[in-house]
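The structure appears below as structure tokens.
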Amino acid sequence: MRRARPHAGPMRLSHLGLPVRDARRSLRFYETYFGFDPATARHYEDGTVVVRDAHGFDLALHAVREVAPMPDFLHFGFRLDDPERVRALLARMRADGVGVAEDYDEPAYVAFKCADPDGHRVEAYWEPGP
């Protein structure tokens, strides 16, 4: 049996593709709450829109007719720099009527999960660094 070679250097997740019913609506959501820059949006013939955030992370919004329900555990998250930013985003989303599924406010973990326009679970969180 061959052994896997260790990776030669650090890796970082750089993009995520999501199925969405309305790419413009989803673009507005991720721009409004998670800092994706619509000026970076690239539109493709198949209806896909790829947009980038300030850290260089690409979000690919793939237009589909229907978005299948996801398992409850499936989510992705955005780490914020301090707990107050998480609390402020949570308050803003609640004021805007965005559905919040769960939230935590503990000394070493402040977080919440919300649903994007297609029901994808998105977490915003802070916890102390390693």
Check: Which whole-Hz couplings ³J(HN,Hα) result when phi for each residue of region 98-109 is put into the Karplus expression 6.51 cos²θ - 1.76 cosθ + 1.60, θ = phi - 60°, listed in order with x for Gly and Pro?
Finding: 6, x, 10, 7, 7, 8, 9, 9, 10, x, 10, 6
Margin query: Can you match Cα extents along the principal axes in Å to one of these, (i) 49, 29, 28; (ii) 45, 30, 23; (iii) 48, 40, 31, based on a calculation from the structure here?
Written below: (iii)
Next item on the list: Just need the relative contact order of region 14-66 here, percent rounded to a whole number, with Cα pairs under 8 Å and 6+ apart.
Entry: 47 percent
Check: Once amide H atoms are placed 1.01 Å from N in the peptide plane, what residues at a sequence separation of 5 or more from Ala63, or on another chain, have their amide H within under 5 Å of its amide H?
Finding: Val20, Thr48, Val49
Checklist line | the chain, relative contact order in percent, only Cα pairs under 8 angstrom and at least six apart counted | finding: 22 percent
Margin query: Can you work out the Karplus-derived ³J(HN,Hα) for every residue in region 39-54? Use 6.51 cos²θ - 1.76 cosθ + 1.60 with θ = phi - 60°, whole Hz, and x for glycine or proline.
Written below: 5, 8, 5, 10, 9, 10, 4, 7, x, 6, 10, 10, 10, 10, 9, 5
Notebook entry, point to check: Can you give the helix-only mean residue ellipticity at 222 nm for the chain, where every DSSP H stretch with n ≥ 4 adds -39500 (n - 2.57) and the sum goes over all residues, rounded to the nearest 500 deg cm²/dmol?
Noted result: -6000 deg cm²/dmol
Next item on the list: Between beta-carbons, use under 15 Å as the cut-off and find the net charge around Arg65, counting Lys and Arg +1, Asp and Glu -1.
Entry: -2
Notebook entry, point to check: In percent, what relative contact order does region 69-130 have, based on Cα pairs under 8 Å that are 6 or more apart in sequence?
Noted result: 40 percent
Notebook entry, point to check: Which of these, Arg25, Arg85, Arg12, has the largest mean-square fluctuation under a Gaussian network model of the chain (Cα springs below 10 Å)?
Noted result: Arg12
Margin query: As an exercise, use a Förster radius of 22 Å and the Cβ-Cβ distance of Tyr44 and Arg92 to find the FRET efficiency, rounded to the nearest 0.05.
Written below: 0.10
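Here, each number is a calculation from the coordinates, and none is a lab measurement. On a predicted model such as this, the values are computed, not experimentally measured, just so you know. Reconstructed Cβ throughout: ideal geometry from the backbone, glycine too, with neighbour counts over all protein chains shown.
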